[in-house]
Amino acid sequence: MSTTISSNRPGGGIKWRWPSIHPEGRKFLLIAAIVTVCFWLLGWEIAGWLMAGITAWVGAFFRDPVRVTPTSADLVIAPADGLVTQIAEVPPPPEIAGADGLGDAPMLRVSIFMSVFDVHINRTPVAGTLRKLVYIPGKFVNADLDKASEENERQHFVVERADGVRIGFTQIGGLVARRIMPFVSMGTELATGQRVGLIRFGSRVDVYLPQGTAPQVLLGQRTLAGETIVARLGKGDTIDGIGQ
């Protein structure tokens with residue numbers, strides 16, 4: 001459920017709360033918890049402690065925190081939690097290139113790497129209609145490598161905004177990621193920051209920016225899905241930063 005949040009509410013405030021567990025992860029959490037209890041009942045103390053840690057990690061992996069998404073029309077929002085590891089000018093993926101996709105001209109690609117400790121619920125970077133959803137089977141090499149964009153298991157999304165601008169983004173499997181799951185289907189009307197999929201366990205998401213749009217994130221910066229501003233459409237000025 002979405003809630004409108006005002007930034008200028010006098011005297012307003014918000015309390016921290018535990019993130020919920022996404023329904024897709026509850027079965028894994030239950031299995032891990034049952035195995036943990038069985039180990040303890042059998043008197044296998046070391047194994048019990050180990051499984052208790054694994055159970056806690058499974059719960060953390062599938063956490064689904066509430067995010068506050070900026071809604072200005074020119075914003076492109078991060079689709080994933082993680083580390084910005086690559087910013088490169090590349091041709092759009094052939095599966096979503098062409099007149100009915102992102103076109104054929106080179107685009108800036110921002111790659112966000114998700115470790116096994118990051119939130120793995122992915123969100124749409126812009127509002128619009130889901131025009132393409134293309135799943136490609138492939139390898140499971142390190143998702144941090146450039147070749148992962150062409151060789152790994154992946155799933156492409158193309159979202160068309162009301163003004164006709166199209167934004168593409170891709171979920172990419174990694175070394176331990178063995179399942180890419182969409183929550184949406186072709187033709188779905190999406191709100192900015194809406195949950196669109198999940199990757200199990202550790203992976204990467206690429207965002208393809210239209211020509212004339214420069215990233216507003218830096219290499220080495222961490223992003224939050226549904227919150228971090230990746231770019232402003234039509235804004236071609238890059239930003240500088242410092243690691244400290």
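In terms of packing, defined here as the mean over residues of other Cβ atoms within 10 angstrom, the peptides 209-216, 42-49 line up highest first as 209-216, 42-49. Its residue count N fixes a reference of 2.2 N^0.38 Å for the stretch 154-244, and the Cα radius of gyration divided by that reference is 1.19. Relative to the longest principal axis of the Cα atoms of the chain, the long axis of helix 23-41 makes an angle of roughly 20 degrees.
Seen against the Cα atoms of the chain and their longest principal axis, helix 45-61 is set at about 20 degrees.
Calculated FRET efficiency, ALA105 and ASP240, Cβ-Cβ r, R0 22 Å, to nearest 0.05? Working from the Cβ atoms, E equals 0.25.
Think of each Lys and Arg Cβ as +1 and each Asp and Glu Cβ as -1; about the Cα centre, that makes the dipole of the chain roughly 740 debye. How charged is the neighbourhood of ALA191? Take every other residue with its Cβ under 13 Å from the Cβ of ALA191, and add Lys/Arg as +1 and Asp/Glu as -1. Charge balance near ALA191 sits at +3. Each eigenvalue of the Cα gyration tensor of the chain, multiplied by 5 and square-rooted, gives one semi-axis; in descending order these are 33, 22, 17 Å.
Values in this text are rule-based calculations from the coordinates and carry no lab data. Note that the coordinates shown come from a computational prediction; the quantities given were computed from them, not determined experimentally. Here the Cβ is made from the backbone with ideal geometry for all residues, glycine too, and neighbour counts use every protein chain on show.
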